[in-house]
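The values are calculated or read from the model by the stated rules, or taken from the named source; none is laboratory data. Because the structure is predicted, anything quoted here is derived from the model rather than measured. Cβ atoms come from the backbone with ideal geometry, glycine included; neighbour counts cover every protein chain shown. Accessible surface areas use protein heavy atoms only, side chains included; no ligands, DNA or RNA. Shrake-Rupley method; radii C 1.70, N 1.55, O 1.52, S 1.80 Å.
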Amino acid sequence: MTAQARRVPAESWRDGPGKTAQIVLWRNGAAMQLKCKWGLKPVEMYGNPVHLLRSEGRTITNPCLIIASDFTIDAGKGSRRKRYTAKLITDEPFFCFAGVWRPAEDGWPEAFAALTVEANPDIAPYKDRHMAVVRPDDWQDWLTQQRPVGELLRPFPKGSFEISDPAKGGAVVSGLL
């Protein structure tokens, strides 16, 4: 993958579902960046946009990488709901989630959804699933679908993610430092 495809976007990842974000896709034999909406066209006429899709058993068409520096975990329900920040422990300034994108259609812009996997041991105490992180060495294989999905979206070992509590000033609650 070229250095151009690996550059960090100027804007913050904290855009979230429904907003626009930078993704990387494969076109004409090369990786390229595209800014598009997070949320695929609703399946039902008055349904909600699709932000997340389970990866298991899915045939992947139009794979993409979603550029991120961290992600939010919403744990619990109601008044016991807490929000944590998870970050892949890496020396790189960003990492990428596995996603799928769709071209614009019927009044819906180009858009993407993130794929989810069973939670890694660091995240499992908070949530049973999370967005699938693709290892940098696998980025091109993901985009070109050169290997099976299960091989590319394999679990990260315990100690791969740092979990912090923004409500406590970003105090780390789990992970290696």
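Of all the residues that make up the range 110-134, how many are more than 19 Å from LEU53 (Cα to Cα) and without any contact (Cβ under 8 Å) to a residue 40 or more places away in the chain? Qualifying residue count, the range 110-134: 1. If the condition is being under 23 Å from VAL149 (Cα atoms), over 11 Å from the mean Cα position of the chain (by Cα) and surrounded by 11 or more Cβ atoms within 10 Å (Cβ to Cβ), then the range 59-85 contributes ILE60, ASN62, PRO63. Kindly evaluate LYS35 against the criterion of being of a type in the set (Lys, Arg), under 15 Å from the mean Cα position of the chain (by Cα), part of a strand (DSSP E or B) and surrounded by fewer than 16 Cβ atoms within 10 Å (Cβ to Cβ). Answer is yes for this residue.
In the range 86-116, the residue that is nearest to ILE23 (Cα to Cα) out of those that are open to solvent by less than 20 Å² (accessible area, probe 1.4 Å) and β-branched (Val, Ile, Thr) is VAL100. Inside the range 82-133, residues that are part of a loop (DSSP other than H, G, I, E, B), among the hydrophobic types (A, V, I, L, M, F, W, C) and touching a Cys at 6+ places or on another chain (Cβ under 9 Å) make up a count of 1. Among the residues of the range 99-111, is any under 21 Å from LYS127 (Cα atoms), among the aromatic types (Phe, Trp, Tyr), in contact with a Leu (Cβ under 9 Å, 6 or more places away or on another chain) and at pLDDT 95 or above? No: zero hits.
Figure legend. Inter-residue proximity from the range 45-71: first residues assigned to a strand (DSSP E or B), second residues hydroxyl-bearing (Ser, Thr, Tyr), beta-carbon distance below 9 Å, spacing 6+ or different chains. Indicated pairs: LEU52/THR116; LEU53/THR116; ARG54/THR116; PRO63/THR144; PHE71/THR85.
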